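The structure appears right after this line, and notes come after that.
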Amino acid sequence: MARIAILNYIKRPSPVHELTGTTKLIFFIVWSVASMVTFDTRILLCMLAIGAVIFRISRIRIRDISVVLGLAAVFLLLNNIFIYLFTPEYGVELYESRTVLLAGVGRYTVTAQQLFYHLNVTLKVICVVPVALLFIACTDPSEFAASLARIGVSYRAGYAVSLALRYIPDVQREYTNISQAQQARGIELSGKDKFFTRLKNSVAILLPLVMSSLNRIETVSNAMELRGFGKEKKRTWYTQRSLKRNDWLTIGFAAVILVIDLIVTFWDGSRYYNPFL
């Protein structure tokens, strides 16, 4: 049974990995703000191209994060469906024009304005989600916690995030081991059996997985308590690094993107680029 990676730190020799966790966190926050503020298709397409270049130089492969990308695609599809079901004429109101492409029943018609609005919503998600996954995949959990502390987040919260990210690959490995052990005992979990039979047999994995997780949590919490975790208001971080030249250049590049984004977006007093005028 092949092991499927969900989401964890992937160590690779790349310029993105060499940046400090603080730099990558600041870049991700600025990038998210820039993409969420604007509905200008031109800006979103430029950010999409920049994100593709960043993804390329990070040496992270699509298959490394394919599971999470697949889940994100499903939620994006559902989001677009529900937007259309509840507000099928929102694009018409937003862009103040109506070009019917396909007549429907009642208000459920397909208009160019509504499709253009859906395009912008999709572009915004596509701009943010891959960069968010890239940030997690290229940042060591301990350094991520140190970067959170550096921008003012409580080190307790940062350490909780670090433990959660470290725990994901452990759960994957434990799930694979338990699954293989159960299949060796004759419990069918592969695609050969019916879906509902496999679903019922999955209980044989979930219960041992939950019990092993609880034992691991107790072990970690006892170790942290014995080492006096939480006694002081501040702590130092072994993985924390000082900002170097490339870090400052990256932060500056993110600031330039945000400034250009705000200028172009609000140049005419509106967040929405309207090609139908």
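The values are calculated or read from the model by the stated rules, or taken from the named source; none is laboratory data. Predicted, not measured: the structure shown is a model, and the values here were computed from it. Note that we place each Cβ from the backbone using ideal geometry, even for glycine, and neighbour counts take in every protein chain shown. Side chains included, ligands, DNA and RNA excluded: accessible areas come from the protein's heavy atoms. Shrake-Rupley method; radii C 1.70, N 1.55, O 1.52, S 1.80 Å.
Structural remarks
- All of Arg61, Arg12 fail the test of being open to solvent by 80 Å² or more (accessible area, probe 1.4 Å) and basic (Lys, Arg), apart from Arg61.
- Subset tally (residues that are without any contact (Cβ under 8 Å) to a residue 60 or more places away in the chain and farther than 24 Å from Leu119 by Cβ) for the stretch 17-65: 5
- In the stretch 239-255, the residues that are out of contact with any Ser or Thr (no Cβ under 7 Å at 6 or more places or on another chain) and either surrounded by 11 or more Cβ atoms within 10 Å (Cβ to Cβ) or farther than 18 Å from Ile29 by Cβ (or both): Gln240, Ser242, Lys244, Arg245, Asn246, Trp248, Leu249, Phe253, Ala254, Ala255
- Test: residue in the stretch 71-91 that is touching a helix residue (DSSP H, G or I) at 6+ places or on another chain (Cβ under 6 Å), among the charged types (D, E, K, R) and closer than 15 Å to Tyr117 by Cβ: no
- For the stretch 114-127, the condition holds for at least one residue, the condition being that it is over 30 Å from Arg241 (Cα atoms), touching a Gly at 6+ places or on another chain (Cβ under 8 Å) and either open to solvent by 70 Å² or more (accessible area, probe 1.4 Å) or without any contact (Cβ under 8 Å) to a residue 24 or more places away in the chain (or both).
- Taking the criterion of being surrounded by 14 or more Cβ atoms within 10 Å (Cβ to Cβ) and modelled with pLDDT under 75, the only residue of the stretch 203-224 that qualifies is Ala204.
- Hits in the stretch 121-170 (condition: outside any helix (DSSP H, G or I) and in contact with a Lys or Arg (Cβ under 6 Å, 6 or more places away or on another chain)): Thr139
- Some residue of the stretch 88-111 being part of a helix (DSSP H, G or I) and closer than 30 Å to Ala137 by Cβ: no
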